[in-house]
Amino acid sequence: MTTNAPATPHRVLDAVNEGKPFGAETYGLPDVTDCILDVDRFSLWYGAAQALYEVSMRVPKGRVTALVGPSGCGKSTLLRSVNRLNDLVAGVRTEGDMLLNARSLYAPSVDVIALRKRVGMVFQKSNPFPMSIFENVVYPLRIAGERRRGVLKEVCERSLRSAALWDEVSDRLSESALGLSGGQQQRLCIARAIAAEPEVLLMDEPCSALDPIATARIEELISEIAGRYTVLIVTHNMQQASRVSDFTAFMYLGRLVEYGPTADLFQTPRLTETEEYVTGRFG
Amino acid sequence: MSSDAAISSRSTTGPRSLGVLPQWMMAFALSVCAIMIVGLLGLIVAQGAASFWPKPVDEITLHDGGTVLGIPIRSGVNFDGDPQTLYRIGNRDLGQIPFRWISESEIESRSRPSDVVLLERREWGIFIGRLAPDPETGETTTWEGFAGDLDDGAQRRREIDGLRGGALARVNRELTVNRQQIAEADLRLADGQRSGLGSAPWVIILGAGLLACGASFLSFARRARLRGALVAAGGLLVLWTALERPGLAESELVEWHQARVESLADEQREIEQRFVTLNERLVTLEDADRQHRVSVAASDGTLAPESQSATDRRLMASQVIRAIRPNAMSLWDRFGVFGSRWAEYLIDDPREANTEGGIFPVIVGTVTVTLLLTVVVVPLGVLAALYIREYAKQGVLISVLRVAINNLAGVPSIVYGIFGLGFFCYAVGGYIDGGPDASVTMGKAAWWIVAIGCASAFVSALLFRSKVRAAGVLWALGATAVLVLFATSPYFDGFFRVKLLDGEPTFGSSGLLWASLTLALLTLPVVIVSTEEAIAAVPQSLREASYGCGASRWQTISRVVLPGAMPGVMTGTILAMARGAGEVAPLMVVGAVKLAPELPIEPRAPFVFADRSFMHLGFHIFDLGFQSPDSEAARGMVWTTTLLLIVLVVTMNLAAIYLRGRLRSRLVGGHF
Ligand SMILES: Nc1ncnc2c1ncn2[C@@H]1O[C@H](COP(=O)(O)OP(=O)(O)OP(=O)(O)O)[C@@H](O)[C@H]1O
Ligand SMILES: [Mg+2]
């Protein structure tokens, strides 16, 4: 596939080609007790096509974990499986399980709606509702039945401050959210996602449609909120991953391949595929 | 090189010549369309507006010595090739045909004398003539005096009409109700001895069903207090209805019947007393009115009569609606008459087989039926579209359904009309009037067995909602069973049985409600299709955002999908309204009539009289143009009514487009 032959063999690629199982290279993670999310041999099919192959990974609590990997390797799929957004897609089938705080997410008794309130999500393309800025931010509270104006206002301000948007929009809260710039819209979506005080915040390439300045703001924001929330972020930008994340997982062909502390994974990757990817030689 | 040149030459000449032709063809097609539309609209506007303009009257002296007074309408050529003119000469009650072609060769001379008077009358159409001396006094009134007489006459007429349409009509209604109450009491006596039950259980079942539906729908809302209040109100209503028809023991029933009939008879005597008093007053007023007559003579000197059969009596002042001197009017006067004719047209009842007077009841009928159809079709269509898009599993069944809905839009509208007549009017309406047909009524024992089976099926479906796989099938079966129970109940004998036995169906014949439902059915595909498209156009990312915040499906639909689809819903509503307002064929069968004696809405309870027949603009145009005894006389009305219908539809469209635009701008936001 590349002209200059690699020094070490492609273990993953070979295993996949030969149809053999292989264990992901995982190292340097905190104790199970410090992990909020535990993915346990999770597989997913879109109809007949398998998108995830027995992914097992633990996500440390209160830290930022980045998911990287070439396009189509299943990062979004994995992310959307955490808040069960894939339930909306017709023909999705799963195997294995995920545990949030040691509680199964895929047991039949799980209240999916309650789950989604605990797991916020920010999408690649900002998707504010065609409502006022205020209504956008308090949407999670509204659907939970909160009607007290005072509470709504307070949450709105707190969330917008957390999302570093308050100063820009505090005097136009009743205007349409669609009048904001792209970067502001994305921060608004972040504010909306954290308004409900989720335990885990899922971010799917939140900066891919933004300019460098807006990206920097959001990266700052992620670092700021990292202590309070557990962040699971998908990114294509290696610099970004190394800047914001504590841990990085490299996915490839629907499998988790290498997972460890960000610094280690970027500086001393253990697998050839990882090295080639993080140094930009393929992907 | 040479092949290059060939290619380039082909690419410059070939496509260019072909490129101009399609463009020309498109431009041509567009201009043809534009000319047709503008032409049609222009014609309708011009003709519609002009038909109320007061035109001058010619006095024609013929070679044979006779004179004719007439309004020139249009010119043509007769069989001999002579030019001729159509004159409106009126005076129908003098035995004249009101329109007459006069060829130039017959005419000696023409003039426009300023003393010609044109009368618009309540009956017998227009009268053209001159003020004449009163045969008793021999004096001729001045124009001003004449106008004063007419004003007094109009005043008297208003008084008489007010009495007849107000107090007298009310007394008449009371009498009818009283008569029906007596008949009902008799019927109850007969019924009571047979079953002793009446309609009470039926009312209870119906009420409970409605309550259950309402409660389960309201459970979406969190307003427990509102729900409680509604349930309580519904319960009270049901109780009240049930108590209205108590089941009585036999001896009690006989006693009750006697007492009731006696009190009703007393009431009847009292009402009749009032009727006599009122009637006396009416007779007095009419006698007084008959004393005031006016003298207007036709060109041959005959005085305008009271009616064709009473030519010896002169025209009464109160019979004239408007008198003008068409040849002695300033432009200002003409505008005044023009305006007052339009006002009469818009707020009066029709006269003379609809060819004169106003079309107020037609407008009211059209607006009412359109609003009712909208109220029915929009919720139905939106809910159906929501189910198809947001709930149903997209599969073969849904595709088939979608094709079926699209095809429904292509079914000729008369088919809907016939369906409406057969199903709504005869089946459903007949059922409401007189209960299930004797041939389908179940035995009581069988009915209770089915009812209990059905109730247990419902309860189990409710209890094991999550466990039963085919819950949908169960629901469908249950609903069918309930319908069958309703349709075959031995306990229900109709809400309007008394009137029915009187030979007067209430809902069992065509009327406003059934017409609206038929039109709703007809326009349902439009609403479903446009709503569905709008729902599909709501970005999936917004749905995901909502679900991602922990919203339930219903919350997502009601807060994100439906508001986002609102412009599309509006479009569907507009199209449905415009189509419903302009439809004719189905209405001819299910409720529109040539002349409705009463308006379908009245300022007294229940305000909307859903069983009444009504008048409708589209049908009115058809009726005027093709069914009226004198199509020439109806010509002007056809134009104005067409104009009005178009104005109505265009106004509705504009209003809805404006609303949609506002909604859209709210959704899209100001700037980026
Ligand atoms: N709704 C869907 N239906 C069918 N297949 C899907 C669907 N969504 C994703 N897939 C497939 O699943 C695989 C993983 O997709 P996923 O979106 O998770 O990739 P990704 O890693 O997020 O890629 P990218 O970096 O380009 O966003 C792909 O092969 C994709 O084609
Ligand atoms: Mg993705």
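Just check chain B against the gyration tensor rule for me: Cα atoms, a ≥ b ≥ c as the square roots of the eigenvalues, rounded for a/c under 1.5, and otherwise prolate or oblate depending on whether a/b exceeds b/c. Walk me through the numbers on the way to the answer.
Numbers: a/c = 2.70, a/b = 1.23, b/c = 2.20.
It comes out oblate by the Cα gyration axes.
Whole-Hz Karplus values for segment A:245-251 come out as 9, 8, 10, 9, 10, 9, 10 Hz, taken residue by residue from phi with 6.51 cos²θ - 1.76 cosθ + 1.60 and θ = phi - 60°; glycine and proline positions read x. Loop sites here are trypsin sites (Lys or Arg not before Pro) outside DSSP states H, G, I, E and B with no more than 15 other Cβ atoms within 10 Å. The longest part of chain B free of them is B:224-392. Net length available on complete extension from B:R402 to B:E108 is 98.6 nm, with 0.36 nm assigned per residue and the Cα-Cα distance removed. Distance between Cα centroids, segment B:128-153 to segment A:91-135: provide it in whole Å. Cα centroid to Cα centroid, the span is 90 Å. Among the protein heavy atoms, those of B:M36 account for about 120 Å² of accessible surface (1.4 Å probe, every chain in place).
Given axes a ≥ b ≥ c from the Cα gyration tensor, I'd like to know whether segment A:39-127 is rounded (a/c under 1.5), prolate (a/b larger than b/c) or oblate. Since a/c stays below 1.5, the shape of segment A:39-127 is classed as rounded.
Summarising the amide proton neighbourhood of A:G96: residues at separation of 5 or more, or on other chains, whose placed amide H is nearer than 5 Å comprise A:S43.
When only Cα pairs under 8 Å and 6 or more residues apart are kept, what is the percent relative contact order across chain B? Dividing the mean separation by the residue count of chain B yields 15 percent.
For the protein assembly as shown, count all C-alpha to C-alpha pairs, find those more than 50 Å apart, and express that count as a whole percent of the total. Mind dumping the intermediate values first?
Working: 225562 of 455535 pairs.
Distances greater than 50 Å cover 50 percent of the Cα pairs.
Kindly work out what percent of the DSSP beta bridges joining two residues of chain B are antiparallel, to the nearest 5. Just about 95 percent of them are antiparallel.
Each of A:L253 and B:I37 was given a label point 7 Å from its Cα along the Cα-to-Cβ line. The distance between the two points is 6.0 nm. When only Cα pairs below 8 angstrom with a gap of at least 6 residues are kept, segment B:466-587 shows a relative contact order of 29 percent. Mean partner shielding of peptide A:121-128, defined as the number of other chain Cβ atoms within 10 Å of each residue Cβ, is 4.
List the residue ranges in chain A for DSSP H helices whose C-alpha atoms run 27 angstrom or more along the long axis and whose Kyte-Doolittle average is -1.0 or above.
Details: long enough: none.
Span-like helices, by this rule, are absent here.
From the protein chains alone at 1.4 Å, what is the descending order of accessible area for A:K75, A:K20, A:K125, largest first?
On the way: A:K75 10, A:K20 120, A:K125 145 Å².
Solvent-accessible surface, decreasing: A:K125, A:K20, A:K75.
Partners of A:K125 within straight-line reach, counting lysines whose Cα lies under 17 Å from its Cα and excluding those fewer than 8 residues away in the same chain: A:K75. Simple spin-label estimate for B:D437 and A:R147 gives 5.1 nm between the two label positions (7 Å along the Cα-to-Cβ direction from each Cα).
Going through the cross-link list A:K61/A:K153; A:K61/A:K117; B:K55/B:K594, which pairs have a Cα-Cα distance over 26 Å in this structure? Show your work: numbers first, answer last.
Numbers: A:K61/A:K153 29 Å; A:K61/A:K117 17 Å; B:K55/B:K594 29 Å.
Too far apart for the 26 Å limit: A:K61/A:K153; B:K55/B:K594.
Each of A:N17 and B:Q394 was given a label point 7 Å from its Cα along the Cα-to-Cβ line. The distance between the two points is 3.8 nm. Contact order, relative form, for segment A:202-283: 21 percent (alpha carbon pairs under 8 Å, 6 or more residues apart, mean separation divided by residue count).
Volume of the convex hull of segment A:43-188 (Cα atoms only), normalised per residue: 150 Å³. Need the C-alpha centroid separation for segment A:253-276 versus segment B:570-612, integer Å. Each part reduced to its Cα centre gives a spacing of 73 Å. Counting only aspartates and glutamates at least 8 places from B:K499 when in the same chain, those with an alpha carbon closer than 19 Å to its own are B:E174, B:E184, B:D186, B:D191, B:E244, B:D433, B:D437, B:E598, B:D611.
One Cα centroid belongs to segment B:267-292, the other to segment B:494-530; the line between them spans 38 Å.
Overall, the anisotropy analysis places segment B:247-388 in the oblate class: the square-rooted eigenvalues a ≥ b ≥ c of its C-alpha gyration tensor yield a/c not less than 1.5, with a/b not exceeding b/c.
Using 0.36 nm per residue, how much length does the chain from B:N172 to B:Q155 gain when fully extended, once their Cα-Cα distance is taken away?
Working: separation 17, 0.36 × 17 = 6.12 nm, distance 2.43 nm.
The span from B:N172 to B:Q155 would gain 3.7 nm if fully extended.
Taking amide H as placed 1.01 Å from N in the peptide plane, A:G69 has its amide H under 5 Å from the amide H of A:M251, each at least 5 places away in sequence or on another chain.
Considering only the protein assembly as shown, what is the antiparallel percent among its DSSP beta bridges, to the nearest 5? All intermediate terms of the calculation are to be shown ahead of the outcome.
On the way: 62 of 82 bridges.
Close to 75 percent.
Quick one: what does P(r) look like for segment B:498-553 with 10 Å bins over all Cα pairs, in whole %? So the P(r) values, bin by bin, are 19, 22, 20, 16, 13, 9, 1. Computed 3J(HN,Hα) for segment B:329-337, one whole-Hz value per residue from the Karplus formula 6.51 cos²θ - 1.76 cosθ + 1.60 where θ = phi - 60°, is 10, 6, 4, 4, 4, 4, 4, x, 5, glycine and proline marked x.
The values are calculated or read from the model by the stated rules, or taken from the named source; none is laboratory data. Small disclaimer: the values here were computed from a predicted structure and weren't measured. Heads up, the Cβs are rebuilt from the backbone with ideal geometry, glycines too, and the neighbour counts pull from every protein chain shown. Heavy atoms of the whole protein, side chains included, go into the accessibility calculation; ligands, DNA and RNA do not. Shrake-Rupley method; radii C 1.70, N 1.55, O 1.52, S 1.80 Å.
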